[in-house]
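First comes the structure, then the notes that go with it.
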Amino acid sequence: MIKRKKTNIVKAGSVKIGSRYPIAIQSMTKVPTQDVARCVRQINQLVNAGCRLVRLAVPTGADTAAFAKIVRKVAVPLIADIHFSANRAIEAIEAGAAKIRLNPGNIKNKSDIYRIIDAAKMHKVALRIGVNEASIRDLKKPDIPAGKRVALMLSEMKKYVRLFEGKNFNQLVLSAKSSDTTRTIRINRLIAEKFNYPIHLGLTHAGLAKDAAIPSAVSIGTLLAEGIGDTIRISAAGSPLKEVEIAKKILVALGLHERSRPQLIVCPTCARAAGDVIKLARQVDKALTGIDKPLRIAVMGCIVNGPGEAADADLAVCAAKNKAYIYRNGRKIAIVPERKIIPELLKQLKMS
Ligand code: SF4
């Protein structure tokens, strides 16, 4: 059981963020914000997939105008990504944003930051303040050694937090991002040690979904396992639904998210495997489509080690020559010929 690091609670619309509340999966729309219909469609798809906070980019006044329409058409809290503009932040706050994402380092005048704080206070909107490694490098010198960047990110974060606390604003979520896995872990550990604000975790520019999954799981998963992190986003190039899918898998793997569908366990196979285990696993995977029970289903290649290794599965199929042994919670319940494996499994699933 992972013990979450105690944090303050921040409200982003209907979603409460912090250690007393479930870790919220966040994603971002990837269609133009001014295309209201497509944005609403994508947001609804994300929500159905398990996303609880959705961020939209609002680079222009026309985008914040579209954002105002989108807010009225969806139920999920929306976050406005305001880039460099205090005006965009204030427009988005007035338009109904639940949270604003800003990098104070990108806003030149303190007075602009104070205007954002005043508007956020008035409308009870949360602010996520971010530092990312790329902007640190831009701010200083591009060749700053990697080892010093984490310390620099932390000192920037301290400076920003002081700025907001100086104005008695505490509805803050902190985030520090890098495209480097180990630096993401290091900076977030330091932030968690230093502050009690909720932390948003992510690895920037993680790559195509197929490449983003492992570095994201390593960095975000390591931090979550230490109890650090209250919202997460997988920054993968491609469909945002893939981001949510990866995020959910990370949370499920750590026991931080309830599974709503079966989990398929397959043995790696070895010389003992009786028959084509991969083909059987694919057939079982297909048979599980549409089943919304949080069961563990195992496909094992032999009856030598298979039953023991799958003893904690709700149902296990252990391959033997031209047949399979079916186990329920470690107990053998049937021996079926190859052609009856899937029908028998479906029958057992219905009874589960
Ligand atoms: S379950 Fe059997 S076939 Fe699969 S890896 Fe273990 S020993 Fe090999």
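We did not get these values from a lab; they are worked out from the coordinates using the rules stated. As the structure is a prediction and not an experimental result, all values here were calculated from the model. Cβ sites come from the backbone with ideal geometry, for glycine too, and all protein chains shown count toward neighbours.
Pull up all non-local amide H partners of VAL266: gap of 5 or more, or a different chain, and H-to-H distance under 5 Å with H placed in the peptide plane.
The list, which skips near neighbours in sequence, is VAL299.
Could you tell me the calculated FRET efficiency between MET1 and ALA37, based on Cβ-Cβ distance and R0 = 51 angstrom, to the nearest 0.05?
On the way: r = 44 Å, r/R0 = 0.86.
So the FRET efficiency works out to roughly 0.70.
Can you give the % of DSSP beta bridges in the stretch 10-253 that are antiparallel, to the nearest 5?
Details: 3 of 32 bridges.
Given both bridge residues lie in the stretch 10-253, the antiparallel proportion sits at roughly 10 percent.
Distance between the C-alpha centers of the stretch 1-59 and the stretch 272-307? Whole Å please.
So the two Cα centres are separated by 34 Å.
Dividing the convex hull volume of the alpha carbon atoms of the stretch 165-307 by its residue count, what do you get in Å³ per residue?
Convex hull volume per residue, Cα atoms: 154 Å³.
Can you run phi through the Karplus equation (6.51, -1.76, 1.60; θ = phi - 60°) for the stretch 107-121 and list ³J(HN,Hα) in whole Hz, with x for Gly and Pro?
Using θ = phi - 60°, the values come out as 10, 5, 9, 4, 4, 5, 5, 5, 4, 5, 4, 4, 5, 5, 5 Hz.
Can you list which of the trypsin sites (Lys or Arg not before Pro) found in the stretch 282-352 are DSSP loop residues with at most 14 other C-beta atoms within 10 Å? Don't skip to the end; give the middle numbers.
Numbers: sites: ARG282, LYS286, ARG296, LYS321, LYS323, ARG328, ARG331, LYS332, ARG339, LYS340, LYS347, LYS350; in loops: LYS321.
Of the trypsin sites (Lys or Arg not before Pro), the ones in loops of the stretch 282-352 whose Cβ has at most 14 other Cβ atoms within 10 Å are LYS321.
With springs only between Cα atoms under 10 Å, which of ASN106, ASN329, ASN196 fluctuates most in a Gaussian network model of the chain?
Comparing ASN106, ASN329, ASN196 in the GNM, the peak value goes to ASN329.
Can you tell me the 0 to 90 degree angle between the C-alpha axis of helix 86-95 and the longest principal axis of the chain, rounded to 10?
With both axes taken from Cα atoms, the answer is about 60 degrees.
What list of ³J(HN,Hα) couplings, whole Hz, do you get for the stretch 268-283 from phi and the Karplus terms 6.51, -1.76, 1.60, once you set θ to phi - 60° and write x for glycine and proline?
With the stated coefficients, the stretch 268-283 comes to x, 6, 7, 5, 7, 4, 9, x, 8, 5, 5, 4, 4, 4, 5, 5 Hz.
What residues have an amide H closer than 5 Å to that of ASN132, excluding those fewer than 5 places away on the same chain, when H is modeled at 1.01 Å from N in the peptide plane?
Here the answer is LYS177, since their amide H atoms fall under 5 Å of that of ASN132.
Just rank MET157, MET28, MET300, MET351, fewest to most, by other beta-carbon atoms within 10 angstrom. Please report the intermediate quantities before stating the final value.
On the way: MET157 23, MET28 19, MET300 30, MET351 8.
Least crowded to most crowded, the residues run MET351, MET28, MET157, MET300.
When you have a sec, figure out the Kirkwood radius of the chain from all distinct Cα pair distances and drop it here in Å to one decimal? Can you show the working numbers first?
Details: mean 1/r = 0.0451 Å⁻¹.
Mean inverse Cα-Cα distance, inverted, gives 22.2 Å.
With the Cα gyration tensor of the stretch 263-351 giving a ≥ b ≥ c as the square roots of its eigenvalues, does the rule (a/c under 1.5 for rounded; else a/b larger than b/c for prolate; else oblate) give rounded, prolate or oblate? Intermediate values should be presented prior to the final figure.
Numbers: a/c = 1.40, a/b = 1.32, b/c = 1.06.
The shape class here is rounded.
Quote the Stokes-Einstein diffusion coefficient, in whole µm² s⁻¹, for the stretch 73-142, based on the Kirkwood radius over alpha carbon pairs, a temperature of 10 °C and a viscosity of 1.306 mPa s.
Values: Rh = 12.6 Å.
The Stokes-Einstein estimate is 126 µm²/s.
Got a sec? How would ILE342, ILE191 order by Cβ neighbour count within 10 Å, fewest to most?
Details: ILE342 17, ILE191 21.
Least to most surrounded, the residues fall as ILE342, ILE191.
How do SER135, SER175 rank when sorted from fewest to most other Cβ atoms within 10 Å of their own Cβ? Working shown, then result.
Details: SER135 16, SER175 24.
Going from sparsest to densest Cβ surroundings: SER135, SER175.
Using θ = phi - 60° and the Karplus form 6.51 cos²θ - 1.76 cosθ + 1.60, what ³J(HN,Hα) does each residue of the stretch 309-317 get, whole Hz, x for Gly and Pro?
Result, rounded to whole Hz: 6, 9, 4, 8, 7, 5, 9, 10, 10.
Using DSSP to define loop residues, name the trypsin sites (Lys or Arg not before Pro) in the stretch 5-89 whose beta-carbon has at most 12 other beta-carbon atoms within 10 Å. If you can, show how the numbers build up before the last one.
Values: sites: LYS5, LYS6, LYS11, LYS16, ARG20, LYS30, ARG38, ARG41, ARG52, ARG55, LYS69, ARG72, LYS73, ARG88; in loops: LYS5, LYS6, ARG20, LYS30, ARG52.
Those satisfying the criteria are LYS6, ARG20.
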